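Structure first, commentary second.
The values are calculated or read from the model by the stated rules, or taken from the named source; none is laboratory data. Bear in mind the structure is a predicted one, so any value in this text is a computation, not a measurement. For neighbour counting, all protein chains shown are included, and Cβ atoms are generated from backbone atoms with ideal geometry for every residue, glycine included. Each accessible area value is taken on the protein alone, full model and side chains, heavy atoms only, with ligands, DNA and RNA left out. Shrake-Rupley method; radii C 1.70, N 1.55, O 1.52, S 1.80 Å.
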Amino acid sequence: MEKEGMERESSSSTVSIRIDDLDPTWVVSLNQKIACEPKILRESSHAASCCIHRVPQCFRRIDPRAYDPQIVSIGPFHRGKRSLQAMEEHKWRYLRGMLSRKGDASLERYLVAVKKLEAKARDCYSETIHVDSNSFVEMMVVDGCFIVELLCKARGLSEVDQSDPIFKMHWIRPLLETDFLLLENQIPFFVLECLFGLMEVYQDGRDRLSLATIAIDFFKDLLPLNHGTIMKKSDPHDHGTLHLLYLFHSKLLPSSKKARQSNNIPITMIQCATELQDAGIRFKKRRCEGFLDIKFSHGVMEIPQITVQGSTNYLFLNLAAFEQSNPHCGHQMTTYITFMDCLIGSAKDVGILCRNRIIENWLGSESEVAALFNKLGREVTIEEEGFYLAELFEQVNRYYRTDWHAWRASLVHDYFSNPWATLSLLAAVILLALTFVQSFFAAFSYFKPPPAN
């Protein structure tokens, strides 16, 4: 007992340490680490000019393959990867073709023009790009000219060599389209516009097309729109485009200004399509301008049609990662993913949306579509301030929770969810009716017996 008391007393005693007792070399080392500039994050990473980020790790957990280019590296983040070297030869081939055309600018003019934009271009990246000035400008020119020349060839503004494998081998272009829309695979759009401005590209002698119009035409097969949805036209005077992914993102935004405004309505998630349908809510394909224009009125939810295909997963994940990294660009795509994740809980919900022509399924089974949207919604961070469907969610929940609608939903779910439950209910109703009739005639004969003979 005495020994234990001594140990407790010893452990509770305070050790006296002064500043002079610290190792001065250790303190100097810590001060150097504190004063050192961060190697990855910079002050510009939170500025409006910064628009090209690394994908957050939480998104990479969903599907790491969705953020890495499959065939071509654009910009610095994936530069030099061995698996992407084959396309480097095509970049130089396209640049050689541009420089050989009569009337197009010389290599020196391209280099000088982009050199003037170097500092501005570097500020677009969330990380310090550790390459020298000449290498950075070379990368911008080679990658940028490749993109611009490919867009022009696809539009018919530049001649296409019949032996060009990019156009001859049909599997290459879809991979390029997807790679051009990855968040980590971007270069600033003003660099592309600068290079495009130096080219002598016209169409049938008419006014020159904007690069934004040409780019959207190139990506039209990837837009998750279909026959019932009208694609918004590009504004040739809109100089606020950050990069190709941003341009693609802007084509999907709701058309109405009200849908883009922030609100302070608390968000309460809605039920899946099956339960909403059981409550009397009907689904209808909406024809409108804007992919995200969703409407709810008098028990009818109108949703523009979406084509779900192999690239949908990559596109939606990169669009959501872009919004999460650039909050000043809004959260419309994140909101839409949350909305679809709420509606789709199982293959049965997908079936309802397919039958109402809201989803056109190119993936195959309805279970695959359900798994896709559930995976998309798993790591998305919901922002109440920019949740443009908050008012719609409130209207849907109010309709669903109305006593009559809630009772109807419960009745349908409990007794009409399968044929056997329906037959059991009908049998019970018939039995109750027969019992009532029997009781009525028994009481009637008691109070009014038949006349005696």
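For the range 72-103, filtering for residues that are in a loop (DSSP other than H, G, I, E, B) and surrounded by 19 or more Cβ atoms within 10 Å (Cβ to Cβ) leaves 6. Listed by first and then second residue, the pairs linking a residue in the range 254-283 that is over 16 Å from Lys295 (Cα atoms) and assigned to a loop (DSSP other than H, G, I, E, B) to a residue that is open to solvent by 80 Å² or more (accessible area, probe 1.4 Å) and modelled with pLDDT of 90 or more, with Cβ atoms under 9 Å apart and 6 or more places separating them unless they lie on different chains, are Ile265/Glu394; Pro266/Glu394; Ile267/Glu394; Thr268/Glu394; Cys272/Lys348. Here Leu392 clears all of (1) assigned to a helix (DSSP H, G or I); (2) modelled with pLDDT under 90; (3) buried (at least 19 other Cβ atoms within 10 Å of the Cβ) except the condition numbered (2).
The residues listed here are Ile62, Ile71; of these, the one that is among the hydrophobic types (A, V, I, L, M, F, W, C), modelled with pLDDT of 95 or more and more than 19 Å from Tyr246 (Cα to Cα) is Ile71. Of the residues making up the range 336-389, those that are part of a loop (DSSP other than H, G, I, E, B), open to solvent by 10 Å² or more (accessible area, probe 1.4 Å), farther than 15 Å from Glu302 by Cα and not charged (D, E, K, R) are Gly345, Ser346, Trp362, Leu363, Gly364, Ser365, Gly377, Val380, Thr381, Ile382, Gly386, Tyr388. If the condition is being in contact (Cβ under 8 Å) with a residue 24 or more places away in the chain and not in a helix (DSSP H, G or I), then the range 114-160 contributes Leu117, Asp123, Cys124, Tyr125, Ser126, Glu127, Thr128, Ile129, Val131, Gly156, Leu157, Ser158.
Does Ala48 meet the test of being out of contact with any Phe, Trp or Tyr (no Cβ under 8 Å at 6 or more places or on another chain), over 17 Å from Val148 (Cβ atoms) and modelled with pLDDT under 80? The answer is yes for Ala48.
Does the range 160-167 contain at least one residue that is open to solvent by less than 10 Å² (accessible area, probe 1.4 Å) and more than 31 Å from the chain's Cα centre (by Cα)? Yes, the range 160-167 contains at least one residue that is open to solvent by less than 10 Å² (accessible area, probe 1.4 Å) and more than 31 Å from the chain's Cα centre (by Cα). Cβ separations smaller than 9 Å between residues 6+ apart or across chains give the following pairs from the range 92-113 residues that are within 20 Å of Ser135 (Cβ to Cβ) and modelled with pLDDT of 85 or more to residues that are among the small types (Gly, Ala, Ser) and surrounded by fewer than 12 Cβ atoms within 10 Å (Cβ to Cβ): Leu99/Ser106.
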